[in-house]
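K.L.:
First, the structure itself, so that you have it in front of you.
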C-alpha cells in the first residue's frame, strides 16, 4: 500500500512511497502539496484517475451558455 509522508520540515515536500517488509520506507515520488500526493497514492493503490468531470470542465472553459 502506498502512503505519503509530510516531510516539509526536512525536505520541503510530501513524499509518496511504501514500506518494505523490513520496515524501510521506499520513496516513489515527491509533491509540493498534500492533495497531489494523495491523488498519486490513490492512483498507485489502484484508484481510477478519471480526470475532471466533462460537464464541469466544459462549463468552466466556456462563456457560461449551454449548447446541447
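K.L.:
Can you put 42, 31 in order, fewest other beta carbons within 10 Å first?
P.N.:
Least crowded to most crowded, the residues run 42, 31.
K.L.:
So how much slack lies between residue 28 and residue 43, counting 0.36 nm per residue of separation and subtracting their Cα-Cα distance, in nm?
P.N.:
The residue 28-residue 43 span can extend by a further 4.2 nm.
K.L.:
Shape of region 1-41 from its Cα gyration tensor (a ≥ b ≥ c, root eigenvalues): rounded if a/c is under 1.5, otherwise prolate when a/b > b/c, or oblate?
P.N.:
oblate
K.L.:
State, to one decimal in nm, how far the label point of residue 20 lies from the label point of residue 5, with both points 7 Å from Cα in the Cβ direction.
P.N.:
The answer from the label model is 1.3 nm.
Bear in mind that the values in this text are calculations on the coordinates, not laboratory data. Because the structure is predicted, anything quoted here is derived from the model rather than measured. Virtual Cβ from ideal backbone geometry, glycine too; neighbours counted across all protein chains shown.
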